[in-house]
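The values are calculated or read from the model by the stated rules, or taken from the named source; none is laboratory data. This is a predicted model, so every value here is computed, not measured. Ideal geometry is used to build each Cβ from the backbone, glycine not excepted, and the neighbour counts take in all protein chains shown.
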Amino acid sequence: MTLKQHVRKLEKLLITTTKFSKVGDYFFDHLAENSEFTRQGGRVEHDAIESILAVFAQRLAGAEDATDVFLIKPNIHGMIHGFCLLGDRNTVVLYFEKSDIGLLIVSPSEPGGNTDFFRFRVLGVVKKDEHLHVQTAPGIQ
């Protein structure tokens, strides 16, 4: 498969699956260590993704903000990927601009714990008066 085909398959998997570990496995198995992929693109800032990361930092880790945010936009298929810390939890970020869908892969907070996965969309992120409001599905606090 070409690099572009792997990226498209990853996006389709993220859109269709309910087992988010499959998305993480596919990313790590086919892209994260692929030197052609890792050389693509450059560092970017993305206000909406960074706002989402801040909310998750507050809700998951009691931290004021995500730290060490590093986002990369490869020169293919409108994908952004990267990493950050949510409190003391290493987090991988995947996001596809065209589909407006992303995934956070959050490491366990303690050894032997579970990895958390959060699928998200940027469309529901609105900034008003310097305060972030995230629209969530019913039942999500």
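Show the residue pairs that are 6+ apart or on different chains and have beta-carbon atoms under 6 Å apart, the first residue being within region 66-82 and more than 11 Å from Leu94 (Cα to Cα), the second being assigned to a strand (DSSP E or B) and small (Gly, Ala, Ser). Taking only residues 6 or more apart or on different chains, the pairs are Phe70/Gly82. Look at (1) under 19 Å from Leu123 (Cα atoms); (2) touching a strand residue (DSSP E or B) at 6+ places or on another chain (Cβ under 9 Å); (3) without any contact (Cβ under 8 Å) to a residue 24 or more places away in the chain and you find that Asn90 fails only one, number (1). Against the condition surrounded by 15 or more Cβ atoms within 10 Å (Cβ to Cβ), over 17 Å from Ala48 (Cβ atoms) and over 15 Å from the mean Cα position of the chain (by Cα), how does Gly113 come out, does it pass? No; evaluated as a whole, the condition is false for this residue.
Annotation: of all residues in region 17-35 being among the β-branched types (Val, Ile, Thr) and within 15 Å of Gly102 (Cβ to Cβ), the one that is modelled with the highest pLDDT is Val23.
Taking the condition touching a Lys or Arg at 6+ places or on another chain (Cβ under 9 Å) and touching a residue at least 60 places away in the same chain (Cβ under 8 Å), does Ala48 pass?
yes
Looking only at helices (runs of 4 or more DSSP H) that lie completely in region 1-83, which have at least 2 residues being crowded, with 17+ Cβ neighbours inside 10 Å?
Working: elements: 3-16, 20-27, 35-38, 47-61.
Those helices (runs of 4 or more DSSP H) span 3-16, 20-27, 47-61.
Being at pLDDT 90 or above, farther than 25 Å from Lys9 by Cα, out of contact with any helix residue (DSSP H, G or I) (no Cβ under 8 Å at 6 or more places or on another chain) and not aromatic (Phe, Trp, Tyr) is a condition met by at least one residue of region 114-133.
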